[in-house]
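Remarks on the structure that follows.
Since every read-out is calculated from the coordinates, none of them should be taken as a lab result. None of the values given here were measured: they were computed from a predicted structure. Cβ coordinates were reconstructed from backbone atoms using ideal geometry, including for glycine residues, and neighbour counts include every protein chain displayed.
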Amino acid sequence: MKLAIITGASRGIGRETAKTFAKEGYSLLLNCEKNIALLEELKTEIEEETKVSKAERKVVLATVEETLQKFDNSKEKDSSENNFKNNFDQSPEIILKQGSFSSAFLENYFHTKESNRIEIDELVLVINQGKSTLNLTQDYSSEETDSLIQANLLEPFQLVQRMIPYLLRAKEGRILFSSSVWGNVGASMESLYSLTKGGINSFVKALGKELAPSHIAVNAVAFGAIDTDMNAWLTEEERSSLEEEIPYGRMATVEETADFLLLLSKAPLYLTAQVIPFDGGGI
């Protein structure tokens, strides 16, 4: 099976990434911090978009059965037919989780797969969670500081620690971080956010080198301005001014960000320990 674990999947980049990976046949483990209802809506949407109708199944299965009749070896025919039917009838699963993926949750999930002799051919961890606030550095409260560092830096680090044993067992493993160009160049009024994303970018480079001998790829996408709820507070004038600074002339869409994350998940494993800008040429 192909499995994508995506954090912060209830909205924005994470939500669209879940939809994109589902269309490619990945089973999904999705989490969010608070609003599980949004994840449940996403699950329903994905199931509607990816399901194959009963009529379509009958047509495909009839065609396969007709093709398999050409096999001379009846055992080989029966085995191939049963394998296809089993795989075809199994829709990718979608499991939702409010809060972090704990050690106990992950252990139970992967133990169940192993007990059922389900091999994970591709395992992709997409760390997309994050918070951002605008403030002068001296005005951040201790609560804001702790909250951003916990969500943007500590929780991703701790999740990677929990996931490494399972990535090592998979036939092919990748870790993708949704990061920011502010982690490379910094942003006024977002010094704390820039600090956390800078930490993630350095972590990617270090972890990529550490896991390279195990052939696990680790990369980050340093996103520029994306048309998501995070930028919804901008006035029309502010939005227009921002887009004028982007050589491409506009913000990226969430569809474009998800497509790029999927593209990275298909790149050769030799591509690792990289922080790749995705900003329309803006930084």
Note the angle between two axes, namely the Cα long axis of helix 236-245 and the longest principal axis of the Cα atoms of the chain, as a number of degrees from 0 to 90, rounded to the nearest 10. 80
Report, in degrees rounded to the nearest 10, the 0 to 90 angle that the Cα long axis of helix 74-89 makes with the longest principal axis of the chain. 30
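Between their Cα atoms, which of LYS2/LYS209; LYS43/LYS205; LYS131/LYS171 are more than 30 Å away from each other? Mind dumping the intermediate values first?
Numbers: LYS2/LYS209 24 Å; LYS43/LYS205 33 Å; LYS131/LYS171 33 Å.
The pairs that break the limit, which is 30 Å between Cα atoms, are LYS43/LYS205; LYS131/LYS171.
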If the label point sits 7 Å along Cα→Cβ of ASN35, residues of segment 220-257 with amide N under 12 Å come out as 229-230
For ALA212 paired with GLU244, estimate the spin-label separation in nm (one decimal), with each label point 7 Å from Cα along the Cα-to-Cβ line. 4.4
Around SER180, which amide H atoms from residues at least 5 apart in sequence, or from another chain, sit under 5 Å from its own amide H, with H modelled in the peptide plane? PHE223
Potential lengthening between ASP259 and GLU49 on full extension [0.36 nm per residue; Cα-Cα distance subtracted]: 73.9 nm
Considering the alpha-carbon set of the chain alone, what are its Rg and its Dmax in angstrom? 21.2, 78
When ranked by the protection proxy of mean other Cβ atoms within 10 Å per residue, highest first, what sequence do the peptides 192-200, 3-11 form? 3-11, 192-200
The ³J(HN,Hα) series, computed from each phi in segment 7-16 with the Karplus coefficients 6.51, -1.76 and 1.60 at θ = phi - 60°, rounded to the nearest Hz and given as x for glycine or proline, is 8, x, 8, 7, 7, x, 4, x, 4, 5
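Only four residue types carry charge here, +1 at the Cβ of Lys and Arg and -1 at the Cβ of Asp and Glu. Report the dipole size of the chain about the Cα centre in Debye, rounded to the nearest 20. Before the final figure, lay out the partial values.
On the way: 29 positive and 43 negative charges, 228 e Å.
So the magnitude is around 1100 debye.
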Based on DSSP H runs of at least 4 residues, each adding -39500 (n - 2.57), what is the mean residue ellipticity at 222 nm of the chain after dividing by all its residues, to the nearest 500 deg cm²/dmol? -15500 deg cm²/dmol
